[in-house]
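We did not get these values from a lab; they are worked out from the coordinates using the rules stated. Being a predicted model, the structure only gives us computed values, none of them experimental. Because the Cβ atoms are built from the backbone with ideal geometry, glycine has one as well, and the counts that use them run over all protein chains shown.
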Amino acid sequence: MAGTDFNVKYVAHLARLSLSPDEEQKLGEQLNNIIGFVEQLKSVDVSGVEATAHAVPTVNVTRADEVLPSLSHDEAMRNAPKQSNGLFIVPKIVE
Amino acid sequence: MLNQLTISELTAKIAKREVSAREATQACLDRVAKVDGQIHAFISHNDADALAQADAVDKLVEQGDIANRPLLGVPIGIKDVLAVKDHPLNCGSKILGNFVSPYDATVIEKLKAAGAIIFGRLNMDEFAMGSSTENSAFGITRNPWDTTRIPGGSSGGSAAAVAADEVIATLGTDTGGSIRQPAALCGCVGMKPTYGRVSRYGLVAFASSLDQVGPFSKDVRDNATLLNVISGYDKRDSTSVNQPVPDYTKALDGNIKGLRIGLPKEYMIGGLDPEVKAAVDAAVKQLQSLGATVEEISLPHTDYAAATYYIIAPAEASANLARFDGIRYCARVDGADPIELYSKTRGAGFGPEVKRRIILGTYVLSSGYYDAYYLRAQKVRTLIRQDFLKAFEKVDAIITPTTPTAAFKIGEKSDDPLQMYLSDVFTISCNLAGICGVSLPCGFTKSPKLPIGLQLLGKPFGEEVMLKIAHAYEQSTGWHKERAVIGA
């Protein structure tokens, strides 16, 4: 598994990341190496072991549902690459 | 020279009005002007803004409003991954373009309230991915002890700025060693607090379950002072843990008699440089002579830490970095439809290491591979954490080298990502286990003279004991007083 069937083009599409043909080739080789390295985890017996998602176990962290001040509209728009009338402008999504 | 002082020394002088915050800040600005051309610790800095902050602190001093300000007039540099209101934020990347932070990170609010001068944006590996600060879109940072060598990474700018006396202290972040490794290679004190000790609000996330903010300083006492200031529960970060914050400086009494320190046999590996090993062996003897007992322990899953880390961290990164898509921020590259816009923006904005990790992370999370890689890695992570918890039943802290070798040459590992990843082999377990760790100077290589770092690892929320041991060692040796001679 892995290594041999690693399809950079497909994964790059999933990641919404355009790559040049050179990058695709170089990344493919490097990632085959890295995946070969992480394959060693297959030799660890993990039967009956729970997964750790958080280093310090915390359960159902909630807070009061109250309205608090947040960024102003202008501040939130401050770094917009393209905006008009206080809205983010994006390419057409639906025909 | 005021820029050479520690936090304790400088704040005492400012409180007594022997010097002003403006004079201290100016001393740092002068130092930056003099040496940063050779070091390049800073991506940018705004001198007028720093001096204005200093003047505001001097006004507080004039009004006698100095209580509860443990960082009174102390210039502190900030890694370019933490939000400071109205300052640029780039994460060492091109992709953020001209981004300016609309708000302060929680740690920055706390530093400001404590009287600090927030100064400059410190260089780093792009999005904190790297071990050498060679992955920055803003150029490399050089090690003050030898400018042909790397300062470590990803917080290379934070370490180099302290080692070069450009600021009194700095903040960095540590996901797999990104504070402790550069601290070791530049000869300063750097700590990764326990996961959840410090709020991550306003920290641009790399791997959310591993990231922690921490201090770089010239000695252990300053590190404890900074930890006092930045620690604590924050309702804006639901992963911060609601535990009381002790005064960490109170633990620094030099008395480590009877404390038990573990030496993991798995860390004495083949790639360990003989001079590093000798320095750590000598540190063990020194701690014994101070009254601690040192015993061999075992962390049997150590060998799997690097592989576990290089699944979990890229997986979390690939999800976190999805937000850099060119819609609400970023240097946008237009496309015919949103998907083309995202892909082009990200393809043009991210550097090679970030692309590598996004692809790797996306792959290990993708349908059909999730169980084989990501879920399995999270289970091995549990085993690594259990190794530590078991060890801490017997010992109060663990001692290891911080890095297998002293600082390597610029370019030496940049073409081989796997070799670069293995330079973190002693630091990554700490993040996976969620415990705390600190690196402090424990000697130098002979020729060239390069700092060697000693790592102490503590229990979850065991920073007091860890810093107590670090402080006792430091005060009995004095390695931390050696300064780099730049341009020699």
### Task
Work from the charge dipole of the protein assembly as shown (Cβ charges, +1 for Lys and Arg, -1 for Asp and Glu, about the Cα centre) and give the residue of B:Ser423, B:Leu122, B:Gly437 farthest towards its positive end.
B:Gly437
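With 10 angstrom as the radius, rank B:Asp36, B:Asp65, B:Asp211 by how many other C-beta atoms surround their C-beta, starting from the fewest.
Numbers: B:Asp36 20, B:Asp65 13, B:Asp211 26.
By the 10 Å Cβ count, ascending, the order reads B:Asp65, B:Asp36, B:Asp211.
Tell me, what is the percent relative contact order of chain B, built from C-alpha pairs under 8 Å that lie six or more residues apart? List each step's numbers first, then the result.
Details: 1176 pairs, mean separation 85.8, N = 488.
Reported as a whole number, the value is 18 percent.
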### Message
Quick check on the exposure proxy: order B:Arg197, B:Arg381, A:Arg63, A:Arg16 from fewest to most C-beta atoms within 10 angstrom.
### Response
A:Arg63, A:Arg16, B:Arg197, B:Arg381
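At a Förster radius of 22 Å, what calculated FRET efficiency corresponds to the Cβ-Cβ distance of B:Gln243 and B:Ser8, to the nearest 0.05?
Details: r = 26 Å, r/R0 = 1.17.
Here the calculated transfer efficiency is 0.30.
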### Query
Does anything in region B:392-435 have its amide N under 19 Å from the 7 Å Cα→Cβ label point of A:Glu29, and if so which residues?
B:411-421
### Message
Give me the percent relative contact order of chain A, please, defined on Cα pairs under 8 angstrom at least 6 residues apart.
### Response
19
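Calculate for chain B the 222 nm mean residue ellipticity that helices alone would give, adding -39,500 (n - 2.57) per DSSP H run of length 4 or more and normalising by residue count, nearest 500 deg cm²/dmol.
Numbers: 15 runs with 183 residues, N = 488.
-11500 deg cm²/dmol, from helical runs alone.
Please state the charge dipole magnitude for region B:124-244, taken about the Cα centre, from unit charges on C-beta atoms (+1 on K and R, -1 on D and E), reported in debye and rounded to the nearest 20.
Values: 10 positive and 12 negative charges, 63 e Å.
Dipole size: approximately 300 debye.
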#### Entry: Cα→Cβ-extended label distance, 7 Å offset, between B:Lys16 and B:Gln386, nm
5.6
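Mind checking the dipole of the protein assembly as shown: about its Cα centre, +1 per Lys or Arg Cβ, -1 per Asp or Glu Cβ, Debye to the nearest 20?
On the way: 60 positive and 67 negative charges, 89 e Å.
For the protein assembly as shown, the charge dipole is close to 420 debye.
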### Message
What distance in nm separates the two pseudo spin-label positions at B:Lys250 and B:Asn46, each 7 Å out from Cα along the beta-carbon direction?
### Response
3.9
## Note on the structure
Taking a crude spin-label model, label points 7 Å out from Cα along the C-beta direction, the B:Arg260 to B:Asn68 distance in nm is 4.0
### Message
Need the C-alpha centroid separation for region B:401-454 versus region A:24-72, integer Å.
### Response
23
### Task
Might you report the magnitude of the Cβ-based charge dipole of region B:1-142 about its Cα centre, with Lys and Arg at +1 and Asp and Glu at -1, to the nearest 20 debye?
180
### Set of aspartates and glutamates near B:Lys394 by C-alpha distance (under 15 Å), chain-local residues within fewer than 8 positions excluded
B:Glu295, B:Glu296
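Per 0.36 nm of contour for each residue apart, how much would the distance between B:Ser289 and B:Tyr103 grow if the chain were fully extended, relative to their Cα-Cα spacing?
Values: separation 186, 0.36 × 186 = 66.96 nm, distance 4.90 nm.
Result for the pair: 62.1 nm of gain on full extension.
Order these peptides, B:276-287, B:158-169, B:143-154, by their mean beta-carbon neighbour count within 10 angstrom, highest first. Could you put the intermediate results ahead of the total?
Values: B:276-287: 17.8, B:158-169: 31.6, B:143-154: 27.1.
In descending order of packing, they fall as B:158-169, B:143-154, B:276-287.
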